[in-house]
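To keep things clear, I will list the structure first and then write my remarks on it.
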Amino acid sequence: MDSATQTLQHRISVKLWPPGQSTRLMLVERMTKNFITPSFISRKYGLLSKEEAEEDAKKIEEVAFAAANQHYEKQPDGDGSSAVQIYAKESSRLMLEVLKRGPRIQEDEEVAATADKGAATLANVFDISGGRRAFISGEEAEEVLKPLKVPGNLYTRICFSNRSFGLEAAHVTEPILLSIRDQLTEVDLSDFVAGRSESEALEVMNIFSSALEGCNLRYLNLSNNALGEKGVRAFEKLLKTQNNLEELYLINDGISEEAARAVCELIPSTEKLKVLHFHNNMTGDEGAVAIAEMVKRSTALEDFRCSSTRVGLEGGVALAEALGSCNHLRKLDLRDNMFGVEAGIALSRSLFAFADLTEAYLSYLNLEDEGAEALANALKECAPSLEVLDMAGNDITAKGASSLAACIAAKQFLTKLNLSENELKDEGAILIAKAIEVGHGQLNEVDLSINAIRRAGARLLAQAVVDKPGFKSLNINGNYISDEGIDEVKDIFKGLPNVLENLDENDPDGEDLDEDAKEEDEDTDNEDELESKLKGLEIKHEE
């Protein structure tokens, strides 16, 4: 038996059954979301209302849990992995039945109540972001903002995004904001000074900040304003009075080291913060250290995004360690940074705090095999309800794939798996195919493009996913699949023409840089031998 097989068969010690209450509730939430999200099935059979979706989701979960628990009591397998598979399969089967049944006929009163509720929600929102991005003059502001001046209006949420305010428009807006600031809970000022000179933009920010000072917000979006430190400090009066923020967005704002420190300094409390997004900034290591201090105090954090922020090893380690205090985290997005192996290992130690994690975006972090293995081993023993795993572009080889496969095999609620732009080759691809072959009834998207995969790996990946209910996309483009292999894969999906992504960038004559691999590839039967060698591979579980 080769080393990859031996590594994959190492025993899993984590106890998978029974799931905790939070996991069960999360499954109900996920099924509810699926029932109310438009799809090709809903177009045919109809879309469920939220109330009906919640009711059906709860019933499905109870039935699936009872079936899995009965199996576990009769045939306990140590870690409960077979019970988890039954739980996932039964949930998927019953979900499909409900989707094909479609919505029950609602009573007229229910329809009316839903309409009234929707109208009430719209009455609370004032949004001028629609249409083309454009400057707004003082005269236009006077006209557009008239509804906010109506006495007794119910607006609690305002969105001025996509309209560029100059000084004239800002002065018109100032008294209006002063008159309603005590009722506001959500403010979106993203992209609201586009095309203005720095001096004018800063003055406009100061005017808005003063007008909103003291309002009690739960949501604040200042994205796409090229703030930098000056811009952050221009919002000082607003930021310093926010003690109950639950969501803060500072995306594409030029958040440098100094700006990150200013944010950390000015916001008085992050105890209630649930969402914090810093995507696409120039934060760097020192800035990440400042953000880490803020994260450390945000113990209620559920959704953290710090992607494309030029963070290296030092900042990556700081963020990783700070995240260890966020045991409510559900979504983690650290994509496109320069963490490296050590930061990946540091993050793996914090992952054990994330019992409720459902989405992990860890692509393009320079993890290599060692960092990827550390994260995979940690994820295998936590985050039982993980839905999305993205570890693309991390130089992961077949060596690292064995740990990844063991992790993936334990994650029966995965809906999306992205391992593109790595170096898995056939051996790694077959390990992943075997990991997703059994169970994984909710998996609908797999991406292993650009991995030097050949015919055997492509064929087994296709066979592993083709019969999964609701499967939507397999991407194996940009590999080294032979023409015969392409024909085989297309034949597997002949009844599902839209599931297999394009293969126009596949290179059947592609060569590996690895000299050993070159020698092996000289044997034309090598792919079939590799498939045969790993054909009977199974994930072993501790008794």
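Structural remarks
- Members of the range 151-160 found to be modelled with pLDDT of 95 or more and of a type in the set (A, V, I, L, M), listed by number: Ile158
- Given (1) open to solvent by less than 10 Å² (accessible area, probe 1.4 Å); (2) more than 16 Å from the chain's Cα centre (by Cα), index of the condition Leu379 fails: (2)
- All positions within the range 219-230 that are surrounded by 19 or more Cβ atoms within 10 Å (Cβ to Cβ) and outside any loop (DSSP other than H, G, I, E, B): Leu220, Asn221, Gly228
- The helices (runs of 4 or more DSSP H) located wholly in the range 235-298 that include 2 or more residues which are within 19 Å of Val317 (Cα to Cα) and among the small types (Gly, Ala, Ser) occupy 284-297.
- Those residues of the range 411-431 which are over 20 Å from Ala398 (Cβ atoms) and not in a loop (DSSP other than H, G, I, E, B), in sequence order: Lys416
- From the list Leu386, Leu319, the lone residue that is closer than 30 Å to Val84 by Cα, without any contact (Cβ under 8 Å) to a residue 40 or more places away in the chain and crowded, with 20+ Cβ neighbours inside 10 Å is Leu386.
- Pairs, first without any contact (Cβ under 8 Å) to a residue 60 or more places away in the chain and among the aromatic types (Phe, Trp, Tyr) in the range 191-217, second part of a helix (DSSP H, G or I) and open to solvent by 40 Å² or more (accessible area, probe 1.4 Å), C-beta under 8 Å, six or more apart: Phe208/Glu174
- Each residue in the range 393-403 was checked for being closer than 18 Å to Ser307 by Cβ and crowded, with 22+ Cβ neighbours inside 10 Å, and 1 of them qualify.
- Test: residue in the range 319-326 that is within 20 Å of Ile432 (Cβ to Cβ), under 18 Å from the mean Cα position of the chain (by Cα) and not aromatic (Phe, Trp, Tyr): no
- Of the residues making up the range 1-28, those that are modelled with pLDDT of 75 or more and in contact with a helix residue (DSSP H, G or I) (Cβ under 8 Å, 6 or more places away or on another chain) number 6.
- Scanning the range 182-200 for residues that are over 33 Å from the mean Cα position of the chain (by Cα) and over 18 Å from Leu148 (Cα atoms) yields Arg196, Ser197, Glu198, Ser199, Glu200.
- Some residue of the range 351-358 being open to solvent by 10 Å² or more (accessible area, probe 1.4 Å) and within 14 Å of the chain's Cα centre (by Cα): yes
- Residues considered: Ile476, Ile436, Ile450, Ile481. Of these, the only one that is open to solvent by 30 Å² or more (accessible area, probe 1.4 Å), modelled with pLDDT of 95 or more and β-branched (Val, Ile, Thr) is Ile450.
- The set of residues in the range 122-135 being in a loop (DSSP other than H, G, I, E, B) and either touching a residue at least 40 places away in the same chain (Cβ under 8 Å) or within 15 Å of Ala170 (Cα to Cα) (or both) consists of Ile128, Ser129, Arg133.
- Given (1) open to solvent by less than 30 Å² (accessible area, probe 1.4 Å); (2) touching a strand residue (DSSP E or B) at 6+ places or on another chain (Cβ under 8 Å); (3) more than 25 Å from Leu313 (Cβ to Cβ), number of the condition Lys425 does not satisfy: (1)
- Contacts under 7 angstrom Cβ, first residue in the range 272-283 being in contact (Cβ under 8 Å) with a residue 24 or more places away in the chain, partner outside any loop (DSSP other than H, G, I, E, B) and hydroxyl-bearing (Ser, Thr, Tyr), 6 or more apart: His277/Tyr249
Every residue, every condition in (1) buried (at least 23 other Cβ atoms within 10 Å of the Cβ); (2) among the small types (Gly, Ala, Ser); (3) on the phi > 0 side of the Ramachandran plot, yes or no:
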| position | (1), (2), (3) |
| --- | --- |
| Pro268 | no, no, no |
| Leu273 | yes, no, no |
| Gly284 | no, yes, yes |
| Ala288 | yes, yes, no |
| Ile291 | yes, no, no |
| Thr299 | no, no, no |
| Asp303 | no, no, no |
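- Qualifying positions in the range 391-420 - in contact with a Phe, Trp or Tyr (Cβ under 8 Å, 6 or more places away or on another chain) and under 17 Å from Leu461 (Cβ atoms): Ala392
- When restricted to residues that are within 31 Å of the chain's Cα centre (by Cα) and open to solvent by 70 Å² or more (accessible area, probe 1.4 Å), the range 231-248 contains 3.
- In the range 15-37, the residues that are open to solvent by less than 60 Å² (accessible area, probe 1.4 Å), touching a residue at least 40 places away in the same chain (Cβ under 8 Å) and in a helix (DSSP H, G or I): Ser22, Thr23, Arg24, Met26, Leu27, Arg30, Met31, Phe35
- Residue list for the range 404-419, restricted to those being open to solvent by less than 10 Å² (accessible area, probe 1.4 Å) and polar (S, T, N, Q): Gln412
The values are calculated or read from the model by the stated rules, or taken from the named source; none is laboratory data. As the structure is a computational prediction, the values presented were derived from the model and not from experiment. With ideal geometry, Cβ positions are generated from the backbone for all residues, glycine too; neighbour counts draw on all protein chains shown. Quick note on the areas: whole protein, heavy atoms, side chains included, nothing else; ligands and nucleic acids left out. Shrake-Rupley method; radii C 1.70, N 1.55, O 1.52, S 1.80 Å.
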